[in-house]
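Let me begin by presenting the structure, written as structure tokens, before commenting on it.
The values are calculated or read from the model by the stated rules, or taken from the named source; none is laboratory data. Everything numeric here is computed off the predicted structure, so don't read it as measured data. When we count neighbours, we look across all protein chains shown, and the Cβ atoms used for this are built from the backbone with ideal geometry, even at glycine.
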Amino acid sequence: MLIDVLMLVGGLAMLIFGGERLVEGASALAYRWGMSQRMVGLTLVAFGTSAPELFVNLLASWHGQGELTLGNIIGSNIFNILAVMGIMALFTHIKIERALVLVEVPLSFLIGIALFILINDSMWEEGVMDVLNRQEGLVLILFFVMFIYTVVFLSWTRRQSSDLEIKVYYPLWRAILYFLGGIILLGLGGELTVKGAVNTALGLGVSVYFVSVLGIAFGTSLPELVTSIVALTKKLPSMSVANLIGSNIFNVSFILALSAVVRPIEYDPIYNVDLLLFILSTFILWAMGMGLKRKRLELHRTHGIIMLILFAAYITYIFVRELR
């Protein structure tokens, strides 16, 4: 038990340190290349903090553990929106660029809808199994290509003064070292945290299935939480939120899609509630942004409380579902 606790604490320390290095390295690279907070948050940082999901899901898919793969992705995306954004909004006002609300959030919503349609085969044709096959995985990868093109195109052709807030400078070798080192620390820290948390919970007599699903899904999302909070403390709010939206798009259109290409993923319709909650939470975030006339969307403490209540209700639902 002591070793498991030490793994948990050590993993969290690596996540915090790795998150700081990743943000600093990405910020320095962005400043050197003239990139905006939005662009670096949606691409470099989002990919870096999604690395734990990538490693876990490819291994799970290779070993035929499709249920673990789906639980990880859907749970992580819900955690990113409701828990991470909720926690950040609870302590500070979060300002989000309107371009993010007009482009990336709707894209994340559409990707969620596409996944729901592609994976629920039995809804459209009787007598077939629900599965995300290789062809459908390739369809989702097309969304990822669209996402990368849109981010790069908009960031270089519609650059705004409000975007160019990154004022971090390091020598190129140091920026790259921080960025790559941060990714490595996040991956190792996420793995140690998950193993430590799961083993500690098992030592306390908690359900194996319940802990494994929640531990992997939310454990691999800890880098997003840590990195977003670090970005906020370093006065990089656009990077903080863009990281979460970018990670959600990466998770479905790249990581889950690539996992399906490696091996088709069987799907239990019981997860439709989870998938629909991810889609609904993304839609709510988009609707809040479209409902404001000001240039930026702002999340306040009230919004954070609502998000955390929804997240608590979701956790309660999962717990009740596992008891049945």
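Scanning segment 100-129 for residues that are touching a Leu at 6+ places or on another chain (Cβ under 8 Å), over 25 Å from Glu298 (Cα atoms) and at pLDDT below 90 yields a count of 0. With respect to the conditions (1) of a type in the set (Ser, Thr, Tyr); (2) in contact with a strand residue (DSSP E or B) (Cβ under 6 Å, 6 or more places away or on another chain); (3) at pLDDT 70 or above, Ser238 falls short on a single one, namely (3).
Which of the residues spanning segment 103-126 are under 15 Å from Asn272 (Cβ atoms) and without any contact (Cβ under 8 Å) to a residue 12 or more places away in the chain?
Ile117, Asp121, Met123, Trp124
In segment 104-125, the condition of being in contact with a helix residue (DSSP H, G or I) (Cβ under 9 Å, 6 or more places away or on another chain) and outside any helix (DSSP H, G or I) is met by at least one residue. Inspection of segment 281-295 identifies at least one residue that is at pLDDT 85 or above and β-branched (Val, Ile, Thr).
Within segment 130-221, considering only helices (runs of 4 or more DSSP H) that don't extend past its boundaries, which have at least 1 residues that are modelled with pLDDT of 80 or more and of a type outside the set (Gly, Ala, Ser)? Full working, then the answer.
Numbers: elements: 134-157, 172-203, 208-219.
Counting at least 1 such residues, we get 134-157, 172-203.
Restricting the search to segment 48-99, which residues are surrounded by 21 or more Cβ atoms within 10 Å (Cβ to Cβ), modelled with pLDDT of 70 or more and of a type in the set (S, T, N, Q)? Residues satisfying the conditions are Thr69, Asn72, Ser76, Asn77, Asn80.
The residues of segment 121-146 that are surrounded by fewer than 16 Cβ atoms within 10 Å (Cβ to Cβ) and either acidic (Asp, Glu) or closer than 12 Å to Asp268 by Cα (or both), listed by number, are Ser122, Glu125, Glu126, Met129. Among the residues making up segment 76-105, those that are touching a Phe, Trp or Tyr at 6+ places or on another chain (Cβ under 6 Å) and closer than 30 Å to Asn133 by Cα are Asn77, Ile78, Phe79, Leu82, Val105.
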